[in-house]
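Student: What follows is a single structure, and I will ask about it in a moment.
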Amino acid sequence: MNRKLKQALSDAFYVPPPARKAAFLKQHRRRELGRWELIALQVRYIRWWVWPLSLVLSSFILMTGTLSAESTPWYIAALTPFLALLVITENGRAQLYQMDELELACRMSRQSVILARMVALGLFHLALFGLLTPLLAVWSTVGAAQAGVYLLTPYLLTAALGMELTRRIRGREGLLACGAVAAVISVSGPLAVNIRPALYQPENLIWWGAALAAAMIAAAVEFTLNVKNMGELQWN
C-alpha cells in the first residue's frame with residue numbers, strides 16, 4: 001500500500017480529539033466506597049440471625065461460666081468455637097449455594113466483600129469478648145487474663161482450621177467439615193480436664209499464651225491464603 005493511499009484512508013477515517021474529556025469523565029465518575037462504608041454496607045447482607053445467635057452464645061458462656069467454680073474454665077473455652085463457626089459459614093455461603101461466579105462478577109472484588117464481612121463479625125465478637133472478660137473475672141473464679149485467653153484461643157484456632165478446610169474443600173462438604181472441627185475443639189475442653197486437670201490452672205497460663213500466639217499466626221496466614229485464592233479464582 002503506497003503512502004498516498006494510506007494518507008487518504010487516514011484522512012477519510014480521521015477521529016477528532018475528544019473535547020472536554022476529563023470534565024465529562026469527572027462528571028460521571030462513580031463514587032468510591034471507603035473501608036468503613038464498605039463494612040457498613042456488607043453488614044446488611046449478613047444474615048440477621050447471626051447477630052442474635054452470637055448474643056445467645058455469649059450469654060450462655062456467661063451463665064454457664066458462673067455456675068460451677070470447677071467447670072468455669074473449660075465452659076468458657078468449649079463454647080467459643082461455635083462463634084468462629086458463624087463467621088466461617090457466613091463467608092462460605094456463596095460456596096454453599098454455588099454463587100461464587102455471581103460474586104466474582106460484582107463491581108466490588110470478592111476479596112473486599114469477604115474481608116468486610118469478616119471484619120464486621122470479628123469486631124462484633126471481639127466486642128462481646130471484651131464485655132465477657134471483666135464479667136467472668138468478677139462473677140467466676142478465673143482472672144481477666146485467663147478469661148481472655150480461654151475465649152480467644154479456641155475461637156482463633158477454629159477460625160484458622162475452618163479457613164484451611166474451606167480453602168481445600170469447597171461447597172457443603174467444606175462447611176460440614178468446619179462444623180465437625182468446631183465440635184471437636186469444643187469437646188476437647190472437658191476431655192482435657194479429665195486427662196490433665198491442671199491444664200486450666202493459673203500456673204499453666206503461659207502455655208495458653210503460646211497457644212494463643214500460634215492460633216493468631218495460623219489465622220492470619222490462612223486468611224492471607226484465602227484472599228490470594230479468591231484472587232486466583234477471579235482470573236481463572
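Student: Taking VAL227 as the residue in question, decide whether it is under 20 Å from ILE88 (Cα atoms), modelled with pLDDT under 90 and β-branched (Val, Ile, Thr).
Tutor: Judged against the criteria, VAL227 is a match.
Student: Now for a separate question. Out of all the residues in region 67-112, which are more than 18 Å from TRP49 (Cβ to Cβ), modelled with pLDDT under 75 and not in a helix (DSSP H, G or I)?
Tutor: Across region 67-112, the qualifying residues are LEU67, SER68, ALA69, GLU70, SER71, GLN98, MET99, ALA105, CYS106, ARG107, MET108, SER109.
Student: Can you name every residue in region 188-225 that is crowded, with 16+ Cβ neighbours inside 10 Å and over 22 Å from ALA145 (Cβ atoms)?
Tutor: Hits for region 188-225 are GLU222, PHE223.
Student: Which of the residues spanning region 189-219 are in contact (Cβ under 8 Å) with a residue 12 or more places away in the chain and not hydrophobic (A, V, I, L, M, F, W, C)?
Tutor: Of everything in region 189-219, those that are in contact (Cβ under 8 Å) with a residue 12 or more places away in the chain and not hydrophobic (A, V, I, L, M, F, W, C) turn out to be GLY189, PRO190, TYR200, PRO202, GLY209.
Student: I would also like to ask the following. Can you tell me which residue within region 139-190, out of those that are of a type in the set (Val, Ile, Thr) and in a helix (DSSP H, G or I), is modelled with the lowest pLDDT?
Tutor: THR166
Student: Output the residue which, of all residues in region 1-43 that are under 30 Å from VAL87 (Cα atoms) and open to solvent by 90 Å² or more (accessible area, probe 1.4 Å), is modelled with the highest pLDDT.
Tutor: Among them, the one singled out is TRP36.
Student: Which residue out of VAL181, VAL138, VAL149 is in contact with a Pro (Cβ under 9 Å, 6 or more places away or on another chain) and of a type in the set (A, V, I, L, M)?
Tutor: Residue meeting the stated conditions: VAL181.
Student: Spot the failing condition for SER54; the list is (1) open to solvent by 30 Å² or more (accessible area, probe 1.4 Å); (2) within 30 Å of ALA145 (Cβ to Cβ); (3) at pLDDT 75 or above, and only one is missed.
Tutor: Evaluating SER54 over (1) open to solvent by 30 Å² or more (accessible area, probe 1.4 Å); (2) within 30 Å of ALA145 (Cβ to Cβ); (3) at pLDDT 75 or above leaves (1) as the failure.
Student: List the residue pairs whose Cβ atoms are under 9 Å apart, where the first residue sits in region 139-161 and is acidic (Asp, Glu), the second is part of a helix (DSSP H, G or I), and the two are 6 or more positions apart or on different chains.
Tutor: Nothing qualifies.
Student: Of all residues in region 123-152, which are among the β-branched types (Val, Ile, Thr) and buried (at least 19 other Cβ atoms within 10 Å of the Cβ)?
Tutor: Scanning region 123-152 gives THR133, VAL142, VAL149.
Student: Also, quick follow-up: Can you say whether ILE185 is open to solvent by 40 Å² or more (accessible area, probe 1.4 Å) and within 20 Å of the chain's Cα centre (by Cα), as far as the supplied structure shows?
Tutor: Answer is no for this residue.
The values are calculated or read from the model by the stated rules, or taken from the named source; none is laboratory data. Values in this document were obtained by computation on a predicted structure and should not be read as measured data. Glycine gets a Cβ as well: all are built from the backbone with ideal geometry, and neighbour counts include every protein chain shown. Surface areas here come from the heavy atoms of the whole protein model, side chains and all, with no ligands, DNA or RNA. Shrake-Rupley method; radii C 1.70, N 1.55, O 1.52, S 1.80 Å.
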